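Engineer: Take this structure first; my questions come after.
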Amino acid sequence: MNYPHAAGGDAKAKRLWLVAIPLVLILVFAGAVVFRVHRALTRASQTISSQDKLAFTLRTLDTQHTSNATSELLGSQPHYTSGAFLAGNLYLTGPTGLSIVAADGTSRLALRTGFELPVSPIVNAASGHLRGTSGPQLLFATSGAGLLLLETNADGAPTLRQLLPDNPEARDLTSIAALPTGDLLLGTRNHGVLLYNGNSLVPLRFSLPAINPSSLQITALAAIDASSFLIGTRNAGVFYSHAGTVEQITTASGLPDNEIESIVLSPKSLHSFVGTPVGTAELDLSAQPVRALRTLGKGLFSHTLAVDDQQLFIGTLDQGIQPIPLDNRPHLHNISLSLGSAATVPQRIDALLAAPGSLYALSDGQLLRNSDNGWTIALTATSPALTDRNISALAFAPDGTLYIGYFDHGIDLLSSKGSIRHLEDDHLFCINRLALDPARQTIAAATADGLVLFDSHGTPRQTLMRRDGLISDHVTDVAFTNSGTVLATPAGITFLGPAGAESLYAFQGLVNNHVYALASSGQLLAGTLGGLSILNGGKIQRNLTVSNSALKHNWITALLPLPDHKFLVGTYGAGLTTLDSQDHFSSIELPANTPRNLVINPNALFATATHLYAGTLGHGMLVYSNTTGRWSAINAGLPSLNVTAFAARDGQVYIGTENGLVRMAEANLP
């Protein structure tokens, strides 16, 4: 028998138990501590999450009916600045709205900003499969209306929803990145990165020295995998989130600049390319710490990027598209761009869109495709369109021709039959004001390079400049009095009469040399950067400023004569006021929620027999009804909240904005 061996085994087991019992007690105690810590951290994180959650509304938009059936867009063509692919369709977006283009190039659907879509331009597009949804969706970031989510139904009709945060800063989006987990990253202009998980919207938090994540200005996002992504900012470089940590990459890490314009991931390795205004950095994301390996396209403004196995494509704002091979040999730049059948070489590239086997570019609003013949136009305009969208002035000629002035591209003449004639040269370029000369019954154009006078056939016949006696070549406004023509300039006022040109400025008593607006009704008012000057017979009678009157802001942007020798006064920062013949300013009761610091756009005041109109910077238009004696705010049916000009004819009011021209029937206004 082996009893002695058994007795030895019992003793050994007893010793093991004596050692194990304390270890078990320690582990149990540690487990309890860990559980308590975990529970405390969970509660703390839940509390923080509850405090950080951003309130928002999620609603379905009606794309079958416009928001304002009485409003009509005139001469508008789609203008694309971003896009995304999904299920064989190309979704093109921009300030004018959304167009869905099939693989064969046919248009399936067009939704317009301010009509079927909110009055905020779409600035970025992406696709992704979000939590709680049955399939991938199209995601559109807007610059003021939050996030738009589009899902195509089985019958092809789209369902469009809007995620609108209560916080205005959280509505101003710049970029989107969908994570494989179903979460969505939203970059904002001034409010950091937001995370949407299908139920809640929270700010993305991380801890780095001297960095406040909620104040970052986000320019680009790129999702690498389920737990890592890149964040590009306006002035703080790139942030790389991975494995629960966040790393900041700046010029100290080899970036050519801390202003990030674009980010694209390499298809082959854990590398990324980061575009800046002075070149593109290649990052190795597997390195610790991450540093820039090299800078490609030095000196090129890398606004948008695309990459394949062999080369990097850099889209710039003023030098077209630059392809750069990705081998290690040095290469010379060749900025010229072969455009195939297109008439001109595109300079501004807003986006590069990569599809399997194809590369597209959005240049100056057009869709281009890269082929063996170079870059060719992939979509062509279907009807005559206005030259530009950024309208600065409107006026009707007696024959019914509508003169449309642009900030950058001269003048369009829109005939009553719908034909469009464009005029542009060194003088007809930046249009500040269009006005009908009541004596000659012709149009005068105040431009940044002189006063251009048209004849009755719409032909420029004369251009007046400093050589002709004007105090400045830059004319901001023009008014007509019984004694002649008056011109506002940044250097003072010029009077044109039978005796020639005569000018006055601050030395003669003008309240400020920079004159923005003029209005004549028995006496002449000059609105300047420093207040109002009241003139009679070409002489300064008196000046009104915030220091000697009830005027709320010295910067006068627009003036409009009213009955009973009154004037409507528009300001940059204090909205509207009226001035009577006794030099008394009276406040105006504007609609609820109208900001106190309202900006009236230059010369954006207009009157008809039934209404007064005021165009604002970012708050649509204000309309006063002579019947009700009240002001109303109108945003629906406008392609932009920046309203810049008005004209009217035959009961129709024409409204110029920075995003196109709209016509409304006055009878349908409040």
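None of the figures in this text is laboratory data; all of them are computed from the coordinates on show. Every value quoted in this text rests on a predicted model; they were computed, and no experiment measured them. Here the Cβ positions follow ideal geometry from the backbone for every residue, glycine too, while neighbour counts run over all protein chains shown.
Engineer: Please compute the modelled spin-label separation between Ala55 and Arg421, points set 7 Å along Cα→Cβ, answer in nm with one decimal.
Structural biologist: Distance between label points: 5.7 nm.
Engineer: When we measure straight from the Cα of Lys552, which aspartates and glutamates land under 17 angstrom away, once same-chain ones fewer than 8 places off are left out?
Structural biologist: The qualifying aspartates and glutamates are Asp580, Asp583, Glu589.
Engineer: Here's another thing I want to ask about it. When Lys and Arg each count +1 and Asp and Glu each count -1, what net charge do the other residues less than 12 Å away from Leu661, Cβ to Cβ, add up to?
Structural biologist: On the way: positive: Arg389, Arg663; negative: Glu72, Asp388, Asp412, Glu658.
Neighbourhood net charge equals -2.
Engineer: If you don't mind, there's one more thing I want to ask. Sort 294-307, 427-440 for me by packing, meaning the mean count of neighbouring Cβ atoms within 10 Å per residue, highest on top.
Structural biologist: Details: 294-307: 20.4, 427-440: 18.4.
So the order, starting with the most tightly packed, is 294-307, 427-440.
Engineer: Out of these labelled values of volume of the Cα convex hull per residue in Å³, (i) 185; (ii) 196; (iii) 241, which was calculated from the coordinates shown here?
Structural biologist: (iii)
Engineer: For Ser587 paired with Asp318, estimate the spin-label separation in nm (one decimal), with each label point 7 Å from Cα along the Cα-to-Cβ line.
Structural biologist: Distance between the two pseudo-spin positions: 4.6 nm.
Engineer: Also, I was wondering about something else. Which of the aspartates and glutamates could a cross-linker bridge to Lys417, judged by Cα under 17 Å and excluding same-chain residues fewer than eight apart?
Structural biologist: Once the sequence-local aspartates and glutamates are set aside, what remains near Lys417 is Glu72, Asp399, Asp650.
Engineer: In which sequence would Ile100, Ile540, Ile443, Ile600 go, from the one with the fewest C-beta neighbours within 10 Å to the one with the most?
Structural biologist: Values: Ile100 21, Ile540 17, Ile443 25, Ile600 28.
Listing Ile100, Ile540, Ile443, Ile600 from fewest to most nearby Cβ atoms yields Ile540, Ile100, Ile443, Ile600.
Engineer: Under 5 Å between amide hydrogens, which residues at least 5 positions from Gln366 or on another chain qualify, with H placed 1.01 Å from N in the peptide plane?
Structural biologist: Hits under the 5 Å cutoff: Tyr80.
Engineer: Angle, helix 3-52 long axis vs. longest principal axis of the chain, Cα atoms, 0 to 90°, nearest 10?
Structural biologist: 10
Engineer: Any chance you could check the Cα centroid distance between the range 572-610 and the range 489-509 for me, in angstrom?
Structural biologist: Cα centroid to Cα centroid, the span is 27 Å.
Engineer: Now for a separate question. What ranking do Met465, Met664 get, fewest neighbouring Cβ atoms within 10 angstrom at the top?
Structural biologist: Numbers: Met465 17, Met664 22.
Least to most surrounded, the residues fall as Met465, Met664.
Engineer: Now a separate question. Filter the trypsin sites (Lys or Arg not before Pro) in the range 106-149 to those in DSSP coil with at most 13 other Cβ atoms within 10 Å of their Cβ, and list the result. Walk me through the numbers on the way to the answer.
Structural biologist: Details: sites: Arg108, Arg112, Arg131; in loops: Arg131.
Here the sparse-neighbourhood loop sites are Arg131.
Engineer: Test of the criteria: in the range 512-589, which chymotrypsin sites (Phe, Trp or Tyr not before Pro) are in a DSSP loop and have at most 14 other Cβ atoms within 10 angstrom of their Cβ? Walk me through the numbers on the way to the answer.
Structural biologist: On the way: sites: Tyr516, Trp555, Phe567, Tyr572, Phe585; in loops: Trp555.
Filter output for the range 512-589: empty list.
Engineer: Specify which residue in the list Gln322, Ala220, Ala210 is farthest towards the positive end of the charge dipole of the chain, using unit charges on the beta carbon of Lys, Arg (+1) and Asp, Glu (-1), about the Cα centre.
Structural biologist: Ala210
Engineer: For Pro180, what charge total do you get from the other residues with a beta carbon under 14 Å from its beta carbon, if Lys and Arg give +1 and Asp and Glu give -1? Mind dumping the intermediate values first?
Structural biologist: Working: positive: Arg131; negative: Asp183, Asp225.
Net local charge, Pro180 excluded: -1.
Engineer: So for Ile249, Ile263, fewest C-beta neighbours within 10 Å to most, what's the order? Spell out each step's value before the answer.
Structural biologist: On the way: Ile249 26, Ile263 23.
Neighbour counts put them in this order, fewest first: Ile263, Ile249.
Engineer: For the chain, give the magnitude of the charge dipole about the Cα centre (Cβ charges: +1 Lys/Arg, -1 Asp/Glu; no others), in debye to the nearest 20.
Structural biologist: Numbers: 39 positive and 47 negative charges, 408 e Å.
Value, rounded to 20: 1960 debye.
Engineer: A further question follows. Suppose each label sits 7 Å from its Cα in the direction of the beta carbon; what would the Ala157-Thr250 distance come out to in nanometres?
Structural biologist: So the label points at Ala157 and Thr250 sit 5.4 nm apart.
Engineer: Taking a point 7 angstrom from the Cα of Gln541 along the C-beta vector, which residues in the range 494-523 have backbone N less than 12 Å away?
Structural biologist: 520-523
Engineer: Once the other residues with Cβ under 12 Å from the Cβ of Leu148 are scored (Lys, Arg +1; Asp, Glu -1), what is the net sum?
Structural biologist: On the way: positive: Arg59, Arg161, Arg171; negative: Glu116, Glu151.
Result for the neighbourhood of Leu148: +1.
Engineer: I'd like to know which of Gly570, Ala604, Val653 lies farthest towards the positive end of the charge dipole of the range 430-668, counting +1 on Cβ of Lys and Arg and -1 on Cβ of Asp and Glu.
Structural biologist: Value computed over the given set: Gly570.
Engineer: Okay, helix-only estimate at 222 nm for the chain: each DSSP H run of n ≥ 4 adds -39500 (n - 2.57), divide by all residues, round to 500 deg cm²/dmol; what do you get?
Structural biologist: Values: 2 runs with 54 residues, N = 670.
The per-residue figure over the chain is -3000 deg cm²/dmol.
Engineer: Between Ala665 and Asp284, what length in nm is gained on full extension when 0.36 nm per residue of separation is reduced by their alpha carbon distance? Please report the intermediate quantities before stating the final value.
Structural biologist: Details: separation 381, 0.36 × 381 = 137.16 nm, distance 5.95 nm.
So the chain would gain 131.2 nm between Ala665 and Asp284.
Engineer: Checking the cross-link filter: which aspartates and glutamates have an alpha carbon closer than 13 Å to that of Lys53, excluding same-chain neighbours under 8 positions apart?
Structural biologist: Within the straight-line cut-off, Lys53 pairs with Asp166.
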